[in-house]
Amino acid sequence: MTAKDVRHRVEELRKQINHHNYRYYVLDAPVIPDAEYDRLLRELQTLEQQHPELITPDSPTQRVGAEPLKKFGAVKHEVPMLSLANAFSEQEVLDFDRRVRERLETEEVEYSAEPKLDGLAVSLLYRDGVFAQGATRGDGVTGEDVTQNLRTIGAIPLRLYGAGYPALLEVRGEVYLSKAAFDELNAAARARDEKIFANPRNAAAGSLRQLDPKITARRPLAFFCYGVGAVERGRLPGEHGALLAQLRDWGLPVAHEQKVVRGVQGCLNYYRDMAVRRSRLEYDIDGVVYKVNRLDQQELLGFVSRAPRWAVAHKFPAQEEITEVLGIDVQVGRTGALTPVARLKPMFVGGVTVSNATLHNQDEIDRLDIRVGDSVIVRRAGDVIPKIVSVVRERRPYGAKPFHMPKHCPVCGADVVPVELEVMTRCSNELRCPAQSKGQILHFVSRRAMDIEGLGDKLVEQLVECKLVETPADLYTLTEEQLSGLERMGEKSAANVIAALEKSKTTALARFLYALGIREVGEATALALAQHFGDLDALMQADEVTLQQVPDVGPVVAAHIAAFFHQRHNREVIKRLRAAGITWPAVKIARRLPLAGKTFVLTGTLDTLMRDEAKEKLQALGAKVSGSVSSKTNYLVAGADPGSKFDQARELGVEILDETAMLKMLRT
Ligand code: 5U1
C-alpha cells in the first residue's frame, strides 16, 4: 500500500467504526456482529502502529492509554450546571405546571418528559466536533476534569457524527451503569472477595472517579445526554425535543423513553407509564423529568437559586432507606428450612412500609456482616421484595456481636442439619416439628391445594399445639365438639370447618398431589404427574428413572418424589386420607399436549370462567400459566378491566386474546 492508500484506508476504517458506534450506542440497532467490529478496530490499530504519524486524538483506537493522574484538575463550567427542583407528589407537579402557565400566561404547555437516570451528571465539550474535555458536575460551578476517563466510555463519541454541529458544543448528560453491568461488576468483586457497591449510582461514580483511566476502561459505563450547556458559532433547534433528536443525529445517545407530552396530564400519564416500565428498563431511574419544551419559554421562565423554573424532577418513592435491625428471628418453613429474618424498625421505602427482610442464610449474614443493633440500608425496587443491601459500619453500636444460625431448631429444639449442596440448614425433626406440621397443614388446606375454607393460620396453630392435628390426615378425624372447644371458635364456625373438610374430599388428583407438599412439586409438576400416571398407585410405585419421563421432571425432582413415597410415614398418611374418603375422578392420561411450551398470562375478569378454571384448562393442554408478563410470554388472555399486564403485553408485542379466542383455541 502506498502512504496515500494507507491514509485513505485509515480514514475509511474510522468512518466505518464511527458509523457502527452510532448504530450500536445511539440507535441500539447494530448491523454487524461484534467479531466483525473487532476486526475493523484491530485493522485500524495495526495501521496506526505501523504509521504513528496518522494517529489523531479522535481516532476510535485512542480511548485508553493515558497515564494515571495524581489528582483531578478543576474545570470551571462556563454555563453553570444546574440542579433540578424535586416534586414528590402529583400535587407538587400540578403546582409546578400552574406556576409555569401563570408566568407564561398560557393555557397549556408542551413538556419534554424523560427518565431521570440514577447516575453521575457530566459535561462533555466538543470543539469542531472533537471531544476535547469532560468534567463532573461538582458543585455546579466547578467540577473535576475526568476527560481521560470519559474517553474510555464507548457510548461517548470521540468525534461527533454527521455534520452541522456548532464550533463549540457542550453536551450534558448522565454516566451510568446498567443493572446487568452492575450485577456483573459486583459478582466479580464478590468472587475476588472485594468490597461490593451498594447501588449502580455508587458504582458509576466510583468507576468514573478513578485516577487510572485503565480501571475506568474495565468498567462497563454507559452514557445518555439530556441537554446542552455552552454553544458557540452554531444554531440549535428551538425546542428541547428537537434538540435531543439533533444530538442523537450527531451520535450522542438519548434515552429512548424520552417523549414530548401535552400539558400536565401528559406528564402524569408519562410518570405512571414509567413507574410500570421501570423494573423492566435496563438501567435504574429514580424518577422522571419534565422540561418546558420550547426554549424561548424556558428563557422567559429563567432560574431560581441554581434550579431552572422550567424543569422539575418527579421522583418515585424512595427505593432505599436507612433503618435499624431490632433483632434477627429464625423461621422454620414447611420443609423444615431455617431462614433468618431481620426484624427492622418499620420505615417507608419504595411505596410500602417494611418491617422485616429475609437474610436467606448464614452466608448472606456473613457477607453483609449484619448484627443486631446495626443501621442498614434497605432497598425495595419496583415490586421486588425488600432487601438489605449494606450495613452502615460507622453507626454500629459498641459490643454488637456477629450472628450465628442456631444449632437447634427454634421451634422444637431438635438438631439442625445442613442441606446437601446448599448453604441452607434444616430442622431434622421432619415428622414431629410443629413448625413443619403447621406449615404442611396450611399448605394442604390452601386454596390451590385442597381448598378447605376456615382453616386459617391461628386455628391451625391451635390444632397443632393442642396435638389435635399432627398430619393432614388428622384433619379428617376432627369433630365439631373438638373444634368448638377451641379459642375463638363458635359452634357455627366449627360446623363450617367440618362442612368444608367434607366438601374437600371430592378433589382432583393433581390438587391432591400438590397438597401433599412434596419438595419441588408445584402445581405444574403435580398436574404433569397426574396426567402422566393417571392414578396415584402407579405414581407411588414409580422409580426415579420412570419419573424422569414426565415433562419437566429432572433427576432432583424425581429423587424428591421417590423419597417422599418411599417414607413409610408418608404412605401411612396417604392411606388414612384415602380411607377418610378423599377421591378424585379418573384422570385421562394426556397423550397430546398441544399447548406444551406455550406460556400464558391471565388478566382482568373473564366473562364465563373463573381465572383458576381457565388456568386449569390451559395447563391440562400443556400450557404454562405465569403470573407476570415477560418476553417469554406467548399469549395474554385479557378479561374486563385488565391491569398493567395489558400495557406490558402490548409493549412487548405479546399476542392478546379475549376469553372467546382462548376458548376457541382450547377447543381446536
Ligand atoms: N433526564 C434528565 N435528567 N436531568 C438531570 N434531564 C435532566 N436535566 C437536568 C438534570 C440535573 O438539569 C437541567 C434541567 C438543568
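Each value in this text was obtained by applying a stated rule to the coordinates, not by laboratory testing. For clarity, every value in this text was computed on a predicted model and none was experimentally measured. Counting neighbours? That spans all protein chains shown, and the Cβs are built from the backbone with ideal geometry, glycine included.
Descriptive notes on the structure:
- For segment 181-195, the Karplus equation 6.51 cos²θ - 1.76 cosθ + 1.60, evaluated at θ = phi - 60°, returns couplings of 5, 4, 4, 5, 4, 5, 4, 5, 5, 4, 4, 8, 6, 9, 5 Hz by residue, with Gly and Pro reported as x.
- Sorted peptide list for 135-142, 218-225, criterion being average Cβ within 10 angstrom, highest first: 218-225, 135-142
- Close amide-amide hydrogen proximity is noted between Tyr126 and Ala132, Leu169, Glu170, Val171, each under 5 Å apart and 5 or more residues distant or on a separate chain (H modeled in the peptide plane; Pro and chain starts excluded).
- Within-13-Å neighbourhood charge of Ala113 [Cβ basis; K, R +1; D, E -1]: +1
- Three-way shape label, segment 585-658, alpha-carbon gyration tensor, a/c 1.5: oblate
- Take the Cα of Thr2, step 7 Å toward its Cβ, do the same at Lys70, and the gap between the two points is 5.0 nm.
- Here is the list for segment 384-424: GluC sites (Glu not before Pro) lying in DSSP coil, each with at most 16 other C-beta atoms within 10 angstrom of its C-beta, are Glu420, Glu422.
- Calculated FRET value between Ala580 and Glu470, using beta carbons and R₀ = 25 Å, to 0.05: 0.95
- Here the peptides 495-507, 245-257 are ranked by packing, the mean other Cβ count within 10 Å, and the order with the highest first is 245-257, 495-507.
- Using alpha-carbon coordinates, inclination of helix 34-50 to the longest axis of the chain, degrees: 30 degrees
- Counted residue by residue at 0.36 nm each, then reduced by the alpha carbon distance between them, the extension gain from Ala596 to Asp543 reaches 16.6 nm.
- Out-of-range pairs (alpha-carbon distance over 32 Å; input Lys345/Lys438; Lys214/Lys259; Lys387/Lys438): Lys214/Lys259
- Selection from Ala357, Ile582, Phe316, by position along the positive dipole direction of the chain (Cβ): Ala357
- Under Karplus coefficients 6.51, -1.76 and 1.60, residue-wise ³J(HN,Hα) of segment 482-498 in Hz, glycine/proline x: 4, 5, 6, x, 8, 4, 6, 10, x, 5, 5, 4, 4, 5, 4, 5, 4
- All lysines inside 27 Å of Lys588 as judged from Cα atoms, apart from same-chain residues fewer than 8 positions distant: Lys503, Lys505, Lys575, Lys598, Lys615, Lys617, Lys624, Lys664
- When only the Cβ of Lys, Arg, Asp and Glu is charged (+1, +1, -1, -1), the dipole of segment 593-667 relative to its Cα centre reaches about 340 debye.
- Descending principal axes extents, segment 3-63, alpha-carbon based, whole Å: 35, 20, 18
- Using a cutoff of 8 angstrom between alpha carbon atoms and counting only pairs six or more residues apart, the relative contact order for the chain works out to 9 percent.
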